[in-house]
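This report concerns only the one structure given below.
The values are calculated or read from the model by the stated rules, or taken from the named source; none is laboratory data. As the structure is a computational prediction, the values presented were derived from the model and not from experiment. Every residue, glycine as well, gets a Cβ built from its backbone with ideal geometry; the counts of neighbours run over all protein chains shown. Just so you know, the surface numbers come from the protein's heavy atoms only, side chains and all, with ligands and any DNA or RNA stripped out. Shrake-Rupley method; radii C 1.70, N 1.55, O 1.52, S 1.80 Å.
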There are 2 protein chains.
Amino acid sequence: MIIGVLGAGQLARMLALAGKPLGLQFIFLDPAPESCAAEVGEHLQGAYTDRALLAQLAQRCDVVTYEFENVPVEIIDLIAEQTPVYPPAKALAVAQDRLLEKNFFRDLGIATAPYAAVNSLAELERAISDIGWPAILKTRTLGYDGKGQALTRSSEDLAGALEQLQGAPAIVEGFVAFQREVSIIAARSVSGAIVYYPLSENQHRNGILRLAKSSANDPLQSEAEVIITRLLEALDYVGILALELFDLNGHLVANEFAPRVHNSGHWTIEGSETSQFENHLRAILDQPLGDTATRGFAAMQNFIGGTPSLAEVLAIPKAHMHLYNKAPRKGRKVAHATLRADNPEELAEQVAVLKHLADQSDDS
Amino acid sequence: MIIGVLGAGQLARMLALAGKPLGLQFIFLDPAPESCAAEVGEHLQGAYTDRALLAQLAQRCDVVTYEFENVPVEIIDLIAEQTPVYPPAKALAVAQDRLLEKNFFRDLGIATAPYAAVNSLAELERAISDIGWPAILKTRTLGYDGKGQALTRSSEDLAGALEQLQGAPAIVEGFVAFQREVSIIAARSVSGAIVYYPLSENQHRNGILRLAKSSANDPLQSEAEVIITRLLEALDYVGILALELFDLNGHLVANEFAPRVHNSGHWTIEGSETSQFENHLRAILDQPLGDTATRGFAAMQNFIGGTPSLAEVLAIPKAHMHLYNKAPRKGRKVAHATLRADNPEELAEQVAVLKHLADQSDDS
């Protein structure tokens, strides 16, 4: 079986590494001349809109998936005329537009921050008079890792914030004074079987995920499962879905979802019986989904812009290094390490050591 | 870093899959036109004795290793003039010759079956008069998976058994009426650090390993560690070493060792904190060795000649499939599956299901 992947970055690379033992082969389409997935599959280099390459992908692959949510939906529709593409285009369309996404949550009865679409300073001022300060102005599309966002604390910030967005369609959201950021990852197969991973507790800095930690027996696990099930079923979803949530006084507020394998699930490679990467593949191939139970306690530390030496990381007991073979560049995710532990205290100790190493090599 | 590997079969493939997250790249030398490791590295196709290819391998790689023990020792010596090769040539030389191997065990005070070198019918008869019946005649070199062996139960068998060996230098060994076959796998790094895996209990059929099972808290663990430590140190060994042993009335009798990653250690991929493949790479790169603790209980079932469907295997809870992408051929190892469980009873149940599936697709 051959799996086509739009994108050839680290997520595609880790999908392929999970797929090789299942006997799968991979073809990646990516405009970058060099890609870190190319060493575990075939890299078709070209634009995502290149009709000839898309036709080739559709023709040669048994199923096509993607590693990032900014693929144009028309492309998915085009490939889907010939070959199944998962997750479905609808999930992609909703995830690409913060307004559609928030409306979608609202229509499913899922709590979100207060929000409103804004296209002018007047609309923005009116919206904030309902929402209150602080409020976050965000482009409706193309935002990731905190890009395309501006925090506003008073009327003086508004004009500048709007200007920063350069006229892009936007929404404004109320700030959620959350206690924790968590995510839930679930897989749904073509046949409709669903499995859920334990919640991940996530720490961001400058809008980029730094640390994700498995949360065993989280009091909000079942609430999160109820919410993500609504999404999975409403979207007739297939594959891994990641949903970011805020824990606000013991209740969950939905932030955004990603229709793909997710950075906050990287600890599942060693920390779960079956990784998110393998379960994504099992789901889109309609194979039985794998057990998602955690193996003890696990955490994942991202390395941004640079990495400690391999020896420093591997010297930490039960640390597992994942280098992506990407050229280091300011603010770029170049690697992560997973920590496994048999109890939370051991995990906390190891996280402290690894965080210190990561901070030393982090350039952002 | 680039790792050279002599051989491009499933062991090389699994080494490369373990090495990608460490940022390693792989070049395989193998005479076969198609190889199952080629999809995770570069395949140099040619004879192991091809001087130009060996020079290329030595020049392009940072360190060279091998996946099977029938590489001519002269080739290792040749590469080692330019590039480090691990495990060391001495280990290979001893492992290639059953007589040297048995003498080596004996010189280190490690118990073996009674044995003698034999080059004629007269010598064979004399040896068996000491050793007793039944006795196994084996070629000194090139035997694996039960090939090059003949069991003899009485004088009438002897001439035929010798004939079967076609004049190859041979040894005869007494039959050990063992209760269990076990193996111990250990890794020793360039710096001399050593880690040990828990014993594996192994079941063979027709000379080929079928099932290997982690043995938690085995009463013979420390005895096995003492024995393998003697070997590791006497050989100034670097890499993974696998030692097959018989449990004879609660004591260990050495059978043979393999200077490489080993089929009885495949369950370490999911069943241990760090797999034998990753620890082999860490060892030869002189990186800190990884924790070898088991994650619960694990077993590995080989698939010979054919496999059940992916769906049948993946439907077993906590089963992990490893297809090698090798063309099925009678008696050929084409895949394995690992089972993980939280207790021995759960493992036994799952093993029974998997064994049944394996028997249906097994052609030997």
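Provide a single number: the residues in segment A:295-324 that are part of a strand (DSSP E or B) and within 8 Å of chain B (Cβ to nearest Cβ). Before you say what the answer is, go through the steps one by one.
Taking segment A:295-324 first, the residues part of a strand (DSSP E or B) are A:297-304, A:319-323.
Narrowing the set further to residues that are within 8 Å of chain B (Cβ to nearest Cβ) leaves A:320-323.
The number of residues fulfilling the criteria is 4.
If the condition is being touching a residue at least 40 places away in the same chain (Cβ under 8 Å) and of a type in the set (G, A, S), then segment B:328-359 contributes B:G331, B:A341, B:A358.
Being within 19 Å of A:K333 (Cα to Cα) and of a type outside the set (S, T, Y) is the filter here, so list the residues in segment A:297-313 that pass it. Spell out how you get there, then give the answer.
Filtering segment A:297-313 down to residues within 19 Å of A:K333 (Cα to Cα) leaves A:299-310, A:312-313.
Within segment A:297-313, A:A299, A:M300, A:Q301, A:N302, A:F303, A:I304, A:G305, A:G306, A:P308, A:L310, A:E312, A:V313 meet the criteria.
For (1) away from every other protein chain (no Cβ under 14 Å); (2) modelled with pLDDT of 95 or more; (3) touching a Ser or Thr at 6+ places or on another chain (Cβ under 9 Å), each residue gets a yes or a no:
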residue	(1), (2), (3)
B:R230	yes, yes, no
B:L248	yes, yes, no
B:S264	yes, yes, yes
B:S272	no, yes, yes
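When segment B:221-237 is filtered for residues that are assigned to a loop (DSSP other than H, G, I, E, B) and open to solvent by 10 Å² or more (accessible area, probe 1.4 Å), only B:D236 remains.
Annotation note: of A:A150, A:A127, the sole residue that is open to solvent by less than 50 Å² (accessible area, probe 1.4 Å), free of Cβ contacts under 8 Å to residues at least 24 places away in the same chain and either farther than 30 Å from A:L24 by Cβ or part of a helix (DSSP H, G or I) (or both) is A:A150.
Only one of the numbered conditions (1) open to solvent by 40 Å² or more (accessible area, probe 1.4 Å); (2) touching a residue at least 24 places away in the same chain (Cβ under 8 Å) is not met by A:A315, and that is (2).
Could you check segment A:325-334 and list, in sequence order, the residues that are within 13 Å of chain B (Cβ to nearest Cβ) and at positive phi? A:N325, the sole residue that qualifies. Just to verify a result, which residue in segment A:191-208, among those that are of a type in the set (S, T, Y) and open to solvent by 30 Å² or more (accessible area, probe 1.4 Å), is farthest from B:A315 (Cα to Cα)? In this case the residue turns out to be A:Y196. Against the numbered list (1) open to solvent by 50 Å² or more (accessible area, probe 1.4 Å); (2) out of contact with any Pro (no Cβ under 8 Å at 6 or more places or on another chain); (3) more than 21 Å from A:A186 (Cβ to Cβ); (4) part of a loop (DSSP other than H, G, I, E, B), A:T141 comes up short only at (2).
Within segment A:280-294, can you find the residues that are more than 10 Å from chain B (Cβ to nearest Cβ) and touching a helix residue (DSSP H, G or I) at 6+ places or on another chain (Cβ under 8 Å)?
A:H280, A:L281, A:T292, A:T294
Within segment B:104-124, take every residue that is of a type in the set (A, V, I, L, M, F, W, C) and surrounded by 19 or more Cβ atoms within 10 Å (Cβ to Cβ) and give me the one that is nearest to B:F175 (Cα to Cα).
Restricting attention to segment B:104-124, the residues satisfying the condition of being of a type in the set (A, V, I, L, M, F, W, C) are B:104-105, B:108, B:110-111, B:113, B:116-118, B:121-122, B:124.
Among the residues that remain, those that are also surrounded by 19 or more Cβ atoms within 10 Å (Cβ to Cβ) are: B:104-105, B:110, B:113, B:116, B:118, B:124.
Numbers: B:F104: 19, B:F105: 17, B:I110: 17, B:A113: 7, B:A116: 13, B:V118: 16, B:L124: 15 Å.
Here the residue is B:A113.
Looking only at segment B:56-103, residues that are part of a helix (DSSP H, G or I), open to solvent by 50 Å² or more (accessible area, probe 1.4 Å) and farther than 30 Å from B:A127 by Cβ come to 7 in all. Evaluate the following for B:G290: is it buried (at least 22 other Cβ atoms within 10 Å of the Cβ), in contact with a Ser or Thr (Cβ under 6 Å, 6 or more places away or on another chain), within 30 Å of B:L235 (Cα to Cα) and of a type in the set (G, A, S)? Yes: the conditions hold for B:G290.
Output the residue which, of all residues in segment B:238-273 that are in a helix (DSSP H, G or I) and of a type outside the set (D, E, K, R), is most open to solvent (accessible area, probe 1.4 Å). If you could, list the steps in order and put the result at the bottom.
Here is the first cut: in segment B:238-273, the residues in a helix (DSSP H, G or I) are B:263-265, B:268-271.
Within this subset, residues satisfying the condition of being of a type outside the set (D, E, K, R) are B:263-265, B:268-269, B:271.
Numbers: B:N263: 16, B:S264: 1, B:G265: 1, B:T268: 2, B:I269: 51, B:G271: 0 Å².
Checking each candidate, the answer is B:I269.
Somewhere in segment B:18-31, is a residue open to solvent by 30 Å² or more (accessible area, probe 1.4 Å) and farther than 28 Å from B:T274 by Cα? Give the derivation first.
As a first pass, look at segment B:18-31 and keep what is open to solvent by 30 Å² or more (accessible area, probe 1.4 Å): B:25, B:31.
The next check asks that each one be farther than 28 Å from B:T274 by Cα; those that pass are B:31.
Yes, the conditions are met somewhere in segment B:18-31.
Every condition in (1) part of a loop (DSSP other than H, G, I, E, B); (2) within 14 Å of another protein chain (Cβ to nearest Cβ); (3) open to solvent by 30 Å² or more (accessible area, probe 1.4 Å) holds for B:H43 except the one numbered (1). May I ask you to verify whether A:A212 is under 22 Å from A:M300 (Cβ atoms), within 14 Å of chain B (Cβ to nearest Cβ) and surrounded by 24 or more Cβ atoms within 10 Å (Cβ to Cβ)? The answer is no for A:A212.
Under the condition of being surrounded by fewer than 22 Cβ atoms within 10 Å (Cβ to Cβ) and closer than 19 Å to A:P288 by Cβ, the residues counted in segment B:294-307 number 0.
B:P88 meets the conditions (1) touching a residue at least 60 places away in the same chain (Cβ under 8 Å); (2) more than 24 Å from B:T141 (Cβ to Cβ) in every case but one. The failed one is (2).
For segment A:155-190, which positions are part of a loop (DSSP other than H, G, I, E, B), farther than 30 Å from A:L285 by Cβ, open to solvent by less than 60 Å² (accessible area, probe 1.4 Å) and at pLDDT 90 or above?
First pass over segment A:155-190, keeping only residues part of a loop (DSSP other than H, G, I, E, B): A:165-169, A:175-179, A:189-190.
This time we only want the ones that are farther than 30 Å from A:L285 by Cβ, so: A:165-169, A:175-179.
Now drop any that are not open to solvent by less than 60 Å² (accessible area, probe 1.4 Å), which leaves A:165, A:168, A:176.
Across segment A:155-190, the qualifying residue is only A:V176.
If you go through segment A:14-40 and keep only what is more than 8 Å from chain B (Cβ to nearest Cβ) and assigned to a helix (DSSP H, G or I), you end up with A:M14, A:L15, A:A16, A:A18, A:G19, A:A38.
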